[in-house]
Protein chains: 4
Amino acid sequence: MPAVEEMIRAHPSKPPVGGSEYAACLRACGECARTCGACADACLAEETIAALRRCIRLNLDCADACDATGRMLSRQFEPNLDLLHRQLELCRLACEACGDECARHGDRHEHCRLAAEACRRCEEACTGLLGAMPGAARPVH
Amino acid sequence: MPAVEEMIRAHPSKPPVGGSEYAACLRACGECARTCGACADACLAEETIAALRRCIRLNLDCADACDATGRMLSRQFEPNLDLLHRQLELCRLACEACGDECARHGDRHEHCRLAAEACRRCEEACTGLLGAMPGAARPVH
Amino acid sequence: MPAVEEMIRAHPSKPPVGGSEYAACLRACGECARTCGACADACLAEETIAALRRCIRLNLDCADACDATGRMLSRQFEPNLDLLHRQLELCRLACEACGDECARHGDRHEHCRLAAEACRRCEEACTGLLGAMPGAARPVH
Amino acid sequence: MPAVEEMIRAHPSKPPVGGSEYAACLRACGECARTCGACADACLAEETIAALRRCIRLNLDCADACDATGRMLSRQFEPNLDLLHRQLELCRLACEACGDECARHGDRHEHCRLAAEACRRCEEACTGLLGAMPGAARPVH
C-alpha cells in the first residue's frame, strides 16, 4: 500500500495518534493479515500437516486480528482512543503468539519463516503506535 | 444460528471455557455484527445523517470487533486463552461504546434502538463468558 | 439473529428485493459463515486431518463469501443490484462447492454433516433471493 | 506488501493461475480494501456528507469485496477455479462501481480521487488475472 501516507493526509481529520507510526501500523496489519492467511494455507499443503495444526489455528486468529485492526486504523474520524488502544494491544498479542509458533517451524518451512517475520514487523508497529498514544488513552487496570 | 450448540458439541475438542456462555457469546457476536452494520447503513439513509456520524463510525468498529470475536470463538482447537480473554474484553468495550452512542438516538431512530439492544446483549454475553474463564487466563496488569 | 426482520423494517429504505427471502438470506449467510469456520477448525483437530485438507480450504472460502454477502445484505441504502446479484451467485457457488465436499465426510464427522446442511440452507436462501430479483438485475452474458 | 511474491513462491503449491498477475492482484486487493474503507470514513467527516452517501455505501461494499478476494487469493491449495473466476469478476465489478462514484467527487475530495485510483488499479489487476486464467475456468452462460 504505497499510498497509505497520502490517504491519511487526504482525510479531513488528522490521524488520532502518531504520524509515521500510524501509517506504518496500518501497512503492517495488511501485510501480516495476508501473510498469515497464506501461511495457514501453505501449512495445509504440507505433508507434515499434523505438526502444523497449532500454526494454522494461530495464523487464522492473527489474520482476523490484523484485518480488524487495519479496518479500525483506516478510520480517523473521532476515534475512541481507549478502544483503539485495546485493539492495538490485542493485535500485538496475536502477532506475538502467532510469530512465536511460526518461528518454531521457520527452518523447515520458508512460509513459516516469512509469516514469523511479518508478525514481528506488525508486533513492532503496534508497539510503536502504542508508544505514540497519549497516556490518558491507556486504560488503568 | 439455532445450530450453534450442536456445532460446538460436534467439535473433537470441548469449548475452551464456559458451556452455555460460549454458545451464547458466539451467537450474540453474529447478531451484533450484522445489526450494527445495518444501523450504520440506516443512519446513512436518514435526513439527519450529519448528527449520526459518530454513530456510523462506532457501528463499523463494533461490527468488525464482533466479527473477529465470532471468528475466534468458532475455533475450539487449542485456543490461546490470553488472546481469547483480550478479544472478549475488546468486544465488550466496542459494544459498550457503540451501544451508548446508539442509545442516544434510540428514541428517534428504531434502528439505533435495536442496535443498542444488540450491543447490550453482546456486551453481557462477553461479560458472561469472561466470568466463566479460569483466573489464570486473566492477564495481570 | 431473531431480530433480523425487525432491523430490515426499521431501515428508512425498503429492502431492495424480496421480503421474507431477504431476511432469510441474511440469516443463512451468518449461520453458514460461522458453521463453516467451525468445521474448518474441527477438521484441524481430527486425526484424519490429511484427508480433510480440501474441506478446510473450501470451508474458509465459504466463510469469507458468506460474511461478505451478509455484510452487503445488511446495507439496504441504494444498492447496486447488479453487484448484489453477482454476490448472491458467488455465495451460492461457494456454498455448493463447500457443501458437496463437507457432505463427502458427513457420515464420519458430525461437524461436516452440520456444515453441509448449513451450506445447503444458504445455497437455497441465495437461490430464493435471486429468484425474487427483477429480471433487469440479471446480467446478460 | 513487498513480500507477496516471496510468500507465493514459498507455498508448496504453485499459484493456480498467472504469475506476476497473481501477485499484483493480491496486492491490489489489499490496497483497495483499506483505501476504500478510509474514503468512507473521510466522507463521513466532510461537511457535504449528504452528497456522499452513495460513495460511502459503495466504498463499504468494495472494501468487503476486495478483502474477500484477497483472502481467497492468499490460498493456493487446490483452488476451485470456477469460484475464483467468479470472485475476481465480482471484485472487478465492485471496483468499477465504486471507482465510478468516487471519480465523480474526485475534484472536490482528494480522498475520493485516491480511492478512485485504487479502484482502477484493482479493477485492472482483476482483469489481468482473469485474462491469465484458462478458458475452461470461465463459466459458460
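The values are calculated or read from the model by the stated rules, or taken from the named source; none is laboratory data. Computed from a predicted structure; not experimentally measured. Virtual Cβ from ideal backbone geometry, glycine too; neighbours counted across all protein chains shown.
Observations on the structure shown:
- Test: residue in the range A:48-70 that is under 12 Å from A:Glu101 (Cα atoms) and within 11 Å of chain D (Cβ to nearest Cβ): yes
- The set of residues in the range B:4-17 being touching a residue at least 60 places away in the same chain (Cβ under 8 Å) and either under 14 Å from B:Ala132 (Cβ atoms) or among the small types (Gly, Ala, Ser) (or both) consists of B:Ile8, B:Ser13, B:Lys14, B:Pro15, B:Pro16, B:Val17.
- Checking A:Asp41 against (1) charged (D, E, K, R); (2) touching a Gly at 6+ places or on another chain (Cβ under 9 Å); (3) within 30 Å of C:Thr48 (Cβ to Cβ), the condition it does not meet: (2)
- For C:Gly18: the one exception among (1) within 13 Å of chain B (Cβ to nearest Cβ); (2) out of contact with any Ser or Thr (no Cβ under 8 Å at 6 or more places or on another chain); (3) assigned to a loop (DSSP other than H, G, I, E, B): (1)
- D:Ala24 vs. criteria more than 20 Å from C:Ala63 (Cβ to Cβ), at pLDDT 95 or above and either touching a Lys or Arg at 6+ places or on another chain (Cβ under 8 Å) or more than 7 Å from every other protein chain (Cβ to nearest Cβ) (or both): yes
- Residue in the range A:27-47 that is more than 11 Å from chain D (Cβ to nearest Cβ) and part of a helix (DSSP H, G or I) present: no
- Any chance A:Gly106 is surrounded by fewer than 18 Cβ atoms within 10 Å (Cβ to Cβ) and touching a residue at least 60 places away in the same chain (Cβ under 8 Å): no
- In this structure, A:Ala118 qualifies as under 14 Å from the mean Cα position of the chain (by Cα) and among the aliphatic types (A, V, I, L, M).
- Test: C:Ser20 is more than 18 Å from C:Gly99 (Cβ to Cβ), free of Cβ contacts under 8 Å to residues at least 40 places away in the same chain and surrounded by fewer than 24 Cβ atoms within 10 Å (Cβ to Cβ): yes
- Qualifying residue in the range A:79-87 (condition: over 13 Å from the mean Cα position of the chain (by Cα) and on the phi > 0 side of the Ramachandran plot): no
- Search result, residues across the range A:79-120 that are within 8 Å of chain D (Cβ to nearest Cβ), in contact with a Ser or Thr (Cβ under 9 Å, 6 or more places away or on another chain) and more than 16 Å from A:Gly30 (Cβ to Cβ): A:His109, A:His111
- Residue count for the range B:89-115 under the criterion of being of a type in the set (Gly, Ala, Ser), under 12 Å from A:Leu83 (Cβ atoms) and under 11 Å from the mean Cα position of the chain (by Cα): the result is 1.
- Matching residues, the range B:68-103, being touching a residue at least 40 places away in the same chain (Cβ under 8 Å), assigned to a helix (DSSP H, G or I) and more than 15 Å from B:Gly131 (Cα to Cα): B:Thr69, B:Gly70, B:Leu73, B:Cys95, B:Cys98, B:Glu101, B:Cys102
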